[in-house]
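Participant: Please find one structure pasted underneath; my questions will follow.
Computed from the coordinates by the stated procedures, all read-outs in this text should not be read as laboratory data. In this text the structure is predicted, and so the values were computed from the model without any measurement. Using ideal geometry, Cβ is built from the backbone for each residue, glycine included, and neighbour counts are taken over all protein chains shown.
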Amino acid sequence: MGIHIYLHIQPNRIDPAAWASVYDEALALLKAHPAGLIGVRFEKTATGTRRFYSRNLEVDRDDPRRRYFTVCGDRASRETGEGHDLYRDLKHYQEGRAFSQSRFATAKSDILLGYNQGDWRAARVFGNKTQGRPYHLPLLAVAALIENHFPTAAVVTGDIDAAQAERGRWLGEVGARP
């Protein structure tokens, strides 16, 4: 058990250029956060793979298909949890999934209709544990930003109370200022 943020999307109902634009906005928000967010990286060595934390949130920036950011903690508190990744290429969330099979996956329906009526076809973007650590709110702000841009094709759920939701929404609207 732990504290989670879940972000689900129906990528077939999102414009890829709009998604890339929101990715850039979300990355700028995270980079500007005063706590100094960090991501996890992996590096191959002669004896295996080494895990380390990095101030550089973005991974594979020069590869459009693999470009993503990852957040797992912050420098101010030095607390970390599980990593949350967001890919810039929307195709990452479409591959190997059958979204068109859902009767609620049309351009006119709302993602919540399918969720509430048991016809759930969505790709999980976020879903790991934050354990409520300080990076929880900036990630919630990113999830709220995405839900705000794609209100019928994205939904945020998880261990979120009303105050956190309001705070995350506010951060997503005005930038990463506490």
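Participant: Using 7 Å Cα-to-Cβ label points, what is the PHE52/ASN148 separation (nm, one decimal)?
Facilitator: In this crude spin-label approximation the distance works out to 3.6 nm.
Participant: Here's a follow-up. Please sort 82-93, 35-46 by packing, taking for each peptide the average over its residues of neighbouring beta carbons within 10 angstrom, highest first.
Facilitator: Taking the mean over residues of other Cβ atoms within 10 Å, the ranking is 82-93, 35-46.
Participant: Could you work out how far apart the two model spin labels at ARG78 and GLU166 are, taking each label as a point 7 Å from the Cα in the direction of the beta carbon, and quote it in nm?
Facilitator: 3.4
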